[in-house]
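The values are calculated or read from the model by the stated rules, or taken from the named source; none is laboratory data. From a predicted model like this one, the values you see are computed outputs, not experimental measurements. Neighbour counts are summed over all protein chains in view; Cβ atoms, including those assigned to glycine, are modelled from backbone coordinates with ideal geometry. Heads up: the accessible areas ignore ligands, DNA and RNA and are worked out on the full protein's heavy atoms, side chains in. Shrake-Rupley method; radii C 1.70, N 1.55, O 1.52, S 1.80 Å.
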Amino acid sequence: MFNGNKLVVILPVLLMIFLFAGGSYYINQTEVVNNEELDEKINWETTLLQTEDSSVLEATWNWSVTPSDGMAGEDYIGVTFIDEKGEALPAELMDDYQLTLKVEGEDITEGGEAANNGIIFSFPNEIEENKTLGDKGSLRVETTSASNPVRAVISYLHTWEDHGGLQSKDARFFNREFAGKGDKDESFFWVSERFVDLEEKGSSNG
C-alpha cells in the first residue's frame, strides 16, 4: 500500500518535470532574429530560362521567421540582366515585369520602375490586422529575344524604419539615397544579392 501511494505521488511529479523540460526545449529551439539578421532566414527559389522569343527570370521569396523587432518599412527588389561581356542590359530591353505579394491566399500585384541598369520594385513590409505583408511573394521579368542575357542579379534592399522613400535609381543599390535620412545612415537597412545563371535552377536561404 505504501509503495502504491508513493507511486501516486511520484508520477505527477515526473509528469511535471517532463512537461517543463519539454517546454523549455521548445522555447530554446524557436528561432528569434531581428531585422539585421533577417537575410539569413529568407528562402529563395530562382530560374532564368531562354526561349525562342525571350529570356525569363522567375523568383519567389519567403521569410522563414518574423523579425522580433517587428515589420515597419519599405522593401525594394532590383533585377539586372548581365550579358556575356559582363555589362548590364538597359531596362528598355525588358518587355514585361511584375511582382506579386502573397497575403493569406490573396495576390497583390506591384508594378516596377525602370532604372538605367534594370528594374526596381518597391513594396511595404508590415503587419496589418495580424496579416504580414511583404514577407513572401514572387516576381517575373522578361527580356526581348535580342538581349541574350547569361545571368540575372536579384538585389534585395530591406528596411525596418519609416523613411521618405528611395530616391536613387540604381537597380543594384550600390548608390542609395533615402528621403529624410542622412547619406551615411546605414542603421536601418541592408542589401543582399543573388545571382542566377541562364538555364540553371537555384535556391538559397541567405
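Taking only protein heavy atoms and a 1.4 Å probe, what accessible area per residue, in Å², does region 34-177 have with all protein chains in place?
The answer is 48 Å² per residue.
For the ranges 32-38, 102-108, what's the packing order if you count other beta-carbon atoms within 10 Å of each residue, average per peptide, and put the highest first?
32-38, 102-108
Using a 1.4 Å probe on the protein chains only, how many percent of the accessible area of region 35-197 belongs to carbon and sulfur?
40 percent
Dipole magnitude of region 35-197 about its Cα centre, charges +1 at Lys/Arg Cβ and -1 at Asp/Glu Cβ only, in debye to the nearest 20?
So the dipole magnitude of region 35-197 works out to roughly 280 debye.
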